[in-house]
Structure formats: structure tokens, C-alpha cells
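**Q** Please read through the structure below; I'll follow up with questions.
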Amino acid sequence: MLNAVGIISEYNPFHNGHLYQIKKAKELTHADLCIVVMSGNWVQRGQPASFDKWNRAKMALENDVDLVVELPFQYSVQPASIFAKSAVNILGALQCKWLSFGSENPEMNFSKLATVNLENPEYFKNYEENYTSAIQQLIAEKTGFFINKPNDILAFNYALYNRQLSIPMKLIPVKRKSSNHNDVEIIDSSLNISSATSIRKNINNVSKIYNVIPKSTLEVIENNQCIDWNTFWKYLKYKILTNSVNELRSIYQMTEGLEYRFKKYIKISNDFDEFLNNLKTKRYTFSRLRRLCVYVLMNFKSIDFENSSEYIRILGFNSVGRKYLKQIKKKTNMIIISNPSKALLEKELKFDYLSGNIYGIESKKNEDLYKVPLIF
């Protein structure tokens with residue numbers, strides 16, 4: 001029997017810090033293989049991935065990952081809680097024995113922190129404070145730990161939903177090395193590790209990022225267009241200008257009159273960053289507003305989220321990953337999709353397909369139709 005360690009990722013793009021985590025996770029667990037559940041073409045903070053999901057899956061498979069599956073669009077472009085819940089459910093359905101994640105403070109007992117009761121509506125009545133801040137304050141009051149680092153916040157959510165699995169995975173935190181998650185500059189490339197944020201900022205300066213990414217990532221960067229929100233600005237602007245206020249109001253998470261702010265500021269904003277800054281208030285984080293822009297672009301409505309279902313979409317595997325799939329395919333409680341039919345693309349995979357088609361306008365690639373898993 002093969003035993004697997006699971007990792008939740010975006011690999012936007014894959015860098016040496018990711019490779020370190022994979023190797024460390026395998027070393028600490030003695031796992032037979034590493035399974036990664038990865039965001040597709042749109043990522044958690046409401047941004048298009050720098051490179052499409054197939055290139056990013058390829059980067060992972062060339063760097064010690066044995067099986068890559070996709071986190072569906074309707075769960076990947078979400079706040080940390082929904083993102084984490086679905087990703088953990090998928091790894092649980094894949095019967096991973098361990099769940100490994102990067103952490104700024106791996107000495108924290110995340111399993112114990114996850115026992116904190118967050119079901120106190122009285123705590124969330126300050127409408128000037130965003131939900132994440134309220135959660136952080138509640139955890140601090142109940143445990144003495146103030147969790148304010150991006151990976152630790154995700155780790156807390158992983159632990160929270162891992163407890164709800166019928167067979168919880170063992171948590172394996174790995175300390176982040178050298179750089180912080182949101183560092184925007186590469187301080188010293190000789191350290192060989194830098195954040196994905198800093199790599200994206202310097203994506204056109206190969207000499208600056210050469211030492212902090214593996215060869216497979218360098219090849220993708222050199223041979224593909226790097227995509228960001230400015231690439232889709234004109235499509236978003238057209239969508240907001242042509243939709244009525246009522247149509248905008250029906251979009252998922254378009255609450256508290258935000259549709260009026262969208263209509264107001266789209267007319268006076270010259271680019272995406274200016275639009276976001278015009279929309280911004282204390283109540284809403286930039287991530288929340290970017291996600292809302294994605295939902296507008298996809299015409300993603302509340303009913304679409306309510307009708308969503310979880311599934312396992314295979315993006316790629318090697319021989320060990322293939323063997324593991326054969327081992328668990330009759331035991332998992334989720335549908336496994338390797339060769340999507342048109343019927344699946346119209347139903348279960350509807351928004352993966354749509355978001356891939358929109359992404360494909362600029363990537364110039366077919367992202368889903370007739371696409372089969374990468375085999376290494």
C-alpha cells in the first residue's frame with residue numbers, strides 16, 4: 001500500500017521554496033508519493049494565474065510531485081475558509097495520510113488551535129472590520145496566539161476542516177525559509193529562495209530570478225506570456241459598463257451596494273489598479289474586491305455557488321501517481337475526472353471550462369476541451 005502526503009498550492013509560479021517544502025514533507029513523513037491540489041487558471045486572491053494550469057502542473061511534476069489535481073474554480077477563488085475546506089476535502093477523498101503546508105510559525109499546535117469555537121455571531125457585528133480581522137482577534141482572545149501571517153491563516157483553516165474529515169490527516173507544518181509570503185523584492189538571490197510575489201514582480205528580469213526558480217519554471221517563463229489583471233482589464237470594463245445595476249447585484253458576493261460603486265468608478269478608472277483603489281474602503285480587502293471582479297467577469301452568481309459540487313480533476317501524474325490512483329479509485333467518495341466529456345464541461349466543470357475559455361483569450365490555448373492529464 002502506498003501512503004501519500006498532500007499539499008495545497010497555487011504554484012504561481014513554482015519556485016525553490018515550493019521544491020524545498022515538497023522535499024521536506026517527503027523527508028518528514030517518509031511518504032511514497034506527494035499529491036498536490038492546485039488552483040486552476042484563477043487563484044485565491046482573485047487574480048489570473050501568471051501561467052496556465054497545465055504549465056504549472058508540469059512545473060510541479062518535474063519537481064518531485066507525483067500527482068496534481070485541480071481545485072475547482074468555484075472553490076479556488078474564495079476566502080481562505082472556503083478555499084481551505086474544499087482543498088482539504090479533496091485531499092481527504094484522495095486518502096492522503098498527511099497534510100503538509102508552509103508556515104511562518106510551525107511550532108504552533110494548529111490541531112489544538114482548530115478546536116476554537118468560532119460560532120459566536122456577537123463577535124462579527126462591527127461592520128467596519130473585515131471578517132478575517134474579526135477571526136484573528138477571536139482566536140487571539142481564546143488562545144493567546146495572534147495569527148496574522150498568510151500561511152498561518154491558511155494553516156489554521158486547513159486544521160479546522162481537517163478535523164471534520166472522517167479520517168483526519170496528520171498535519172505536517174514546514175517552516176518557510178528566507179522570504180515572507182508577500183515580500184515584493186528579491187533581497188538576495190544567492191539565498192536561492194524568494195516569494196512568488198517577488199518573482200512575479202520581476203518576471204521579466206530573468207537575471208534577477210534565475211537563482212530562485214528551478215529550470216522547469218525558467219523554461220515556462222521564457223516560452224509563455226505572463227498574464228496579470230491588466231490583461232483582462234478591457235473585458236472587465238466592458239462587462240461592468242454593459243451590465244445593469246440589477247445584473248451586477250445578482251453576482252455572487254455583490255453585497256451592500258457595491259454594484260453602485262462598480263458602476264460609478266469603472267467610468268473614471270484608467271486601469272485595473274486604479275479601479276481597485278477607487279473601490280477600496282475599510283470594509284473590503286483588496287482580495288475581496290479582486291475576487292468580486294473575477295465573479296463579474298465570469299458572471300458567477302450565488303445560485304452557481306450553491307449548486308457547486310466537489311470532484312477530483314486530474315491534471316497530471318507520473319508512474320507512482322498512476323499506481324496510487326488505481327489503488328484508491330474504488331474507495332474515494334468523489335467523482336474522479338481525467339478525460340472531461342462535453343456533458344461534464346457543461347455541468348460539473350462549467351466554471352472551470354468558462355474561466356479557462358476566458359483565460360484562453362489571452363493565453364491562446366485550449367484549457368479544457370479534449371485535454372487529458374499530463375503523463376510523466
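The values are calculated or read from the model by the stated rules, or taken from the named source; none is laboratory data. Predicted model only: the values in this text are computed from it and were never measured. Methodologically, a virtual Cβ is constructed for each residue, glycine included, from the backbone with ideal geometry; neighbour enumeration extends over all protein chains shown. These accessible areas exclude ligands, DNA and RNA; they are computed on the full protein's heavy atoms, side chains included. Shrake-Rupley method; radii C 1.70, N 1.55, O 1.52, S 1.80 Å.
**Q** Which residue, of Tyr265, Tyr252, Tyr235, is within 25 Å of Ala80 (Cβ to Cβ), open to solvent by less than 70 Å² (accessible area, probe 1.4 Å) and either hydroxyl-bearing (Ser, Thr, Tyr) or under 27 Å from the mean Cα position of the chain (by Cα) (or both)?
**A** Within the list Tyr265, Tyr252, Tyr235, the selection yields Tyr252.
**Q** Test each condition in (1) touching a residue at least 60 places away in the same chain (Cβ under 8 Å); (2) part of a loop (DSSP other than H, G, I, E, B); (3) out of contact with any strand residue (DSSP E or B) (no Cβ under 7 Å at 6 or more places or on another chain); (4) open to solvent by 20 Å² or more (accessible area, probe 1.4 Å) for Pro106 and report the one that comes out false.
**A** For Pro106, the exception is condition (3).
**Q** Separate question: Would you please list the contacts, defined by Cβ atoms under 6 Å and residues six or more apart or on different chains, that run from a residue in the stretch 331-345 that is surrounded by fewer than 14 Cβ atoms within 10 Å (Cβ to Cβ) to a residue that is of a type in the set (Gly, Ala, Ser)?
**A** If the second residue must be of a type in the set (Gly, Ala, Ser), the pairs left are Asn333/Ala93.
**Q** From the list Glu122, Glu141, exactly one residue is surrounded by fewer than 19 Cβ atoms within 10 Å (Cβ to Cβ), modelled with pLDDT of 70 or more, out of contact with any strand residue (DSSP E or B) (no Cβ under 6 Å at 6 or more places or on another chain) and part of a helix (DSSP H, G or I). Which is it?
**A** Glu141
**Q** Please go through the stretch 75-93 and give me each residue that is open to solvent by less than 10 Å² (accessible area, probe 1.4 Å), in contact with an Asp or Glu (Cβ under 9 Å, 6 or more places away or on another chain) and either within 28 Å of Asn204 (Cβ to Cβ) or not aliphatic (A, V, I, L, M) (or both), ordered by number.
**A** Once the filter is applied, which keeps residues that are open to solvent by less than 10 Å² (accessible area, probe 1.4 Å), in contact with an Asp or Glu (Cβ under 9 Å, 6 or more places away or on another chain) and either within 28 Å of Asn204 (Cβ to Cβ) or not aliphatic (A, V, I, L, M) (or both), the stretch 75-93 yields Ser76, Ser86.
**Q** Right, something else. With (1) surrounded by 17 or more Cβ atoms within 10 Å (Cβ to Cβ); (2) more than 20 Å from the chain's Cα centre (by Cα) as the list, and Asn366 as the residue in question, which single condition is left unmet?
**A** Just one mismatch for Asn366, condition (1).
**Q** Considering only residues of the stretch 160-183 that are modelled with pLDDT under 95 and open to solvent by less than 70 Å² (accessible area, probe 1.4 Å), which is nearest to Glu27 (Cα to Cα)?
**A** Arg176
**Q** Among the residues that make up the stretch 26-37, is at least one of them under 16 Å from the mean Cα position of the chain (by Cα) and small (Gly, Ala, Ser)?
**A** Within the stretch 26-37, not a single residue is under 16 Å from the mean Cα position of the chain (by Cα) and small (Gly, Ala, Ser).
**Q** Within the stretch 57-72, restricting attention to residues that are part of a helix (DSSP H, G or I) and open to solvent by 10 Å² or more (accessible area, probe 1.4 Å), which residue is farthest from Ile221 (Cα to Cα)?
**A** Result: Leu61.
**Q** If I filter the stretch 21-43 down to residues being open to solvent by 10 Å² or more (accessible area, probe 1.4 Å) and without any contact (Cβ under 8 Å) to a residue 40 or more places away in the chain, which single residue comes out as farthest from Tyr311 (Cα to Cα)?
**A** Filtering first and then ranking leaves Glu27.
**Q** Considering only the stretch 304-330, how many residues are within 18 Å of Asp352 (Cβ to Cβ) and open to solvent by 90 Å² or more (accessible area, probe 1.4 Å)?
**A** 2
**Q** A follow-up question, please. Please tell me if Ile303 is without any contact (Cβ under 8 Å) to a residue 12 or more places away in the chain, of a type in the set (A, V, I, L, M, F, W, C) and out of contact with any Gly (no Cβ under 6 Å at 6 or more places or on another chain).
**A** So Ile303 fits the description; yes.
**Q** Of all residues in the stretch 201-217, how many are open to solvent by 20 Å² or more (accessible area, probe 1.4 Å) and modelled with pLDDT of 95 or more?
**A** 1
**Q** Suppose the filter is assigned to a loop (DSSP other than H, G, I, E, B) and of a type in the set (Lys, Arg); does Lys323 pass it?
**A** For Lys323, the condition - assigned to a loop (DSSP other than H, G, I, E, B) and of a type in the set (Lys, Arg) - is not met.
**Q** Mind checking which residues of the stretch 1-20 are over 12 Å from the mean Cα position of the chain (by Cα) and either surrounded by fewer than 24 Cβ atoms within 10 Å (Cβ to Cβ) or aromatic (Phe, Trp, Tyr) (or both)?
**A** Within the stretch 1-20, Met1, Leu2, Asn3, Phe14, Asn16, Gly17, Leu19, Tyr20 meet the criteria.
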